[in-house]
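Structure record follows, encoded as C-alpha cells.
The values are calculated or read from the model by the stated rules, or taken from the named source; none is laboratory data. These numbers come from a predicted model, not from an experiment. Note that each Cβ is placed from the backbone with ideal geometry, even for glycine, and that neighbours are counted across all protein chains shown.
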Amino acid sequence: MKRFLTLIVSAMAAGLLLAQSVQAAPGFDGLAYKHATDHGYYISVQGSETLGQKNWGAGLALHFMNGSIALENALGQKIRDVVGNQFTTQVFGAFGVTDWLNLGVLVDFVPYQEFSHALTGIADNGARMGDIRVEAKFRILDVQQYPVGLAFVPYVTIPTGKENRFAGHGSFTGGGEIVVESKRFQNRFSVSANVGGHLRENVILNQGTRVGHALTYGVGANYAFNKFVEAIAEIKGATRFADLFGSNYRPLVGRGGVRIFPHQNLAITAGAGAGIIKSVSAPDLEGFVNIAYTPAYKHYSPPPPPPIPTCKDADKDGVCDLEDRCPAEAGPTANCGCPEKPMMEVDADAKQIRNQKIHFEFNKSMIRPNSYGILDTIAKTIEIRPDITHVRVVGHTDSIGSDNYNQRLSEKRSKAVYDYLVNKGVPTGRMAQFGKGETEPIDTNDTDEGRAKNRRVQFDIDILPSSGAACKTK
C-alpha cells in the first residue's frame, strides 16, 4: 500500500513539474464544468467524504454552454465569440482504495463545438477530444466523527485535448484543493468549501488577458427534501496567483440543479448556470444533465425520534411512580400498576357499572358485610377508570309499603353506599346519590323473585366516548 501511494504522489508531482516547465501555450482548457468524480452531494464542488474501501461509483454528464471564450477590443467590448455553442460529454468515476482514499478519473469529449479563429475569424466547427483528469481524494477528518470534514484532492491533467481549440491545455497540468465540509444538518443540509491552485502554462488572450497559475475556489450546498429529491447550488471561480484582485481573468460561475433518485443507487441531476463575473471560460449560459450509479451515496433519512424520558419506577412494573396507583406493588399497566383484582364490568352503551346485588339489613339502610367486597371493587373500578367522569348512585325498592316510606328508604340506602365509596377514596366531585323508591321497577312486583330484583342500588355513569389509558408508562 505504501508503494502504491508513493506512486500516486510521484505521478502527480511529475504532472506539477511538467505544468511549470513550459512558458507559453496557444490555448488552454476552457471547459470550466468538471464533475466531481465520486459524485458526492454537490456537482463540481468536492465533498470531504470518501467512498469507502472497495466501493465505487461512475456516471455520464452532458453539458451545454454558450460564449465561454470571446474576442474583445481594447475597451473590453466583445467583438465575437471564439467558442460559441459547445456540447460536452464527460465520463467520470471513482474507486475507494481504502476508507480514506479515493482514486478518480474524468474524461472530456466535445461532440460539437462552434469555433471561430481569433485572428482570421475562420470557422472550424466539429468534435474534439478533451483532456483526461486523474485525481485522488485523501480524507483527513471524517465528518461523521468531527465537527467538520477535511480532505485534500490533488490532481493532474493529461494533454489529450486540442489547446488551440480551447479543449485542452496542450501539456500536463496539476493542482490540488483543500475541502472543508459541514455536517449534514438534521441529516438533510450541508455546505462544502473548496480552495486550491492550478499550475499551468501562461496564455495571453485578447488585450492582455493572461491565463496561468490560478487560485481556484468554490462553495456548494445540498438540501434533501426527502430521500428521492435534492436541490443543489454552487459557485466556482478562479483568479491568477500573480494578480489576485487586479487580474482580468476572474471567471465566476453560478449553477443550480435538482437531483432525483428513481432508484436507491441511481441519481439523475439536471440544472443550469451562468457566468456571475464574465471572464474567459465563464459562459453566458450553461445547462447540464448527468446520470450516475451511486451505491455508496448517503441518502436522507429522518432523524431518530428523541429518547423517551425515563421516570422513577420503584416496583419495576413499567408504570411511572407518579402515575402508579400502587407504587409499592407491581401490577399490570392496564390496572395502573396495581395487582390485578376483579373489576366490575363497565357497560359504556348502557352507561352503567354492572354490579352484583348489594345487601342491606331488613327494612334498613345498613349495608351487610358480605357486600363490602363488591363495593370495594366498584370503588377501585371508578378510581382506575378516568374515562368515567361521573357516577350517580341510585337506590330503588319494591312496592311493599307506602310510596313515601319506599322513597325515604331508597334515599337512605343510596346515601349509605355513597358514603362507603367516599370513605374508600372516590372523590365526592365524581359522584351524586338519589333515591327513586318504587317508581322504576325492572321486574314484576307480584312475585318474590321479581320484588328481589327491584330492590337494588344502581350505578349510572357518564363516560367519555373513547376510554383512554388509565395511567402513563415509561
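Tell me, yes or no, whether segment 91-100 has at least one residue that is under 15 Å from A32 (Cα atoms), modelled with pLDDT of 95 or more, surrounded by fewer than 18 Cβ atoms within 10 Å (Cβ to Cβ) and of a type in the set (S, T, Y).
No; the residues of segment 91-100 include none that is under 15 Å from A32 (Cα atoms), modelled with pLDDT of 95 or more, surrounded by fewer than 18 Cβ atoms within 10 Å (Cβ to Cβ) and of a type in the set (S, T, Y).
Please specify each residue of segment 425-435 satisfying the condition of being assigned to a strand (DSSP E or B) and not aliphatic (A, V, I, L, M).
Q433, F434, G435
Which residue is nearest to F225 (Cα to Cα), if the candidates are limited to segment 314-330 and must be crowded, with 16+ Cβ neighbours inside 10 Å and in contact with a Lys or Arg (Cβ under 6 Å, 6 or more places away or on another chain)?
Applying the filter and picking the extreme gives C320.
Given the criterion surrounded by 20 or more Cβ atoms within 10 Å (Cβ to Cβ) and either without any contact (Cβ under 8 Å) to a residue 12 or more places away in the chain or part of a helix (DSSP H, G or I) (or both), identify the matching residue among V417, V422.
V417
In segment 137-168, which residue that is under 15 Å from A193 (Cβ atoms), outside any loop (DSSP other than H, G, I, E, B) and among the aliphatic types (A, V, I, L, M) is farthest from the chain's Cα centre (by Cα)?
By that ranking, first place goes to V153.
For segment 363-391, give me the residue count where each residue is part of a helix (DSSP H, G or I), farther than 11 Å from Y420 by Cβ and touching a strand residue (DSSP E or B) at 6+ places or on another chain (Cβ under 7 Å).
2
List, please: which pairs have Cβ atoms under 9 Å, are six or more places apart or on different chains, and start with a residue in segment 436-461 that is in the same structural domain as N363 (by TED's automatic domain parsing) and assigned to a loop (DSSP other than H, G, I, E, B) and end with one that is surrounded by 13 or more Cβ atoms within 10 Å (Cβ to Cβ) and among the aliphatic types (A, V, I, L, M)?
K436/V394; G437/L409; E438/I400; E440/V394; N445/I400
How many of the residues making up segment 387-414 are closer than 18 Å to D376 by Cα and surrounded by fewer than 14 Cβ atoms within 10 Å (Cβ to Cβ)?
Qualifying residue count, segment 387-414: 1.
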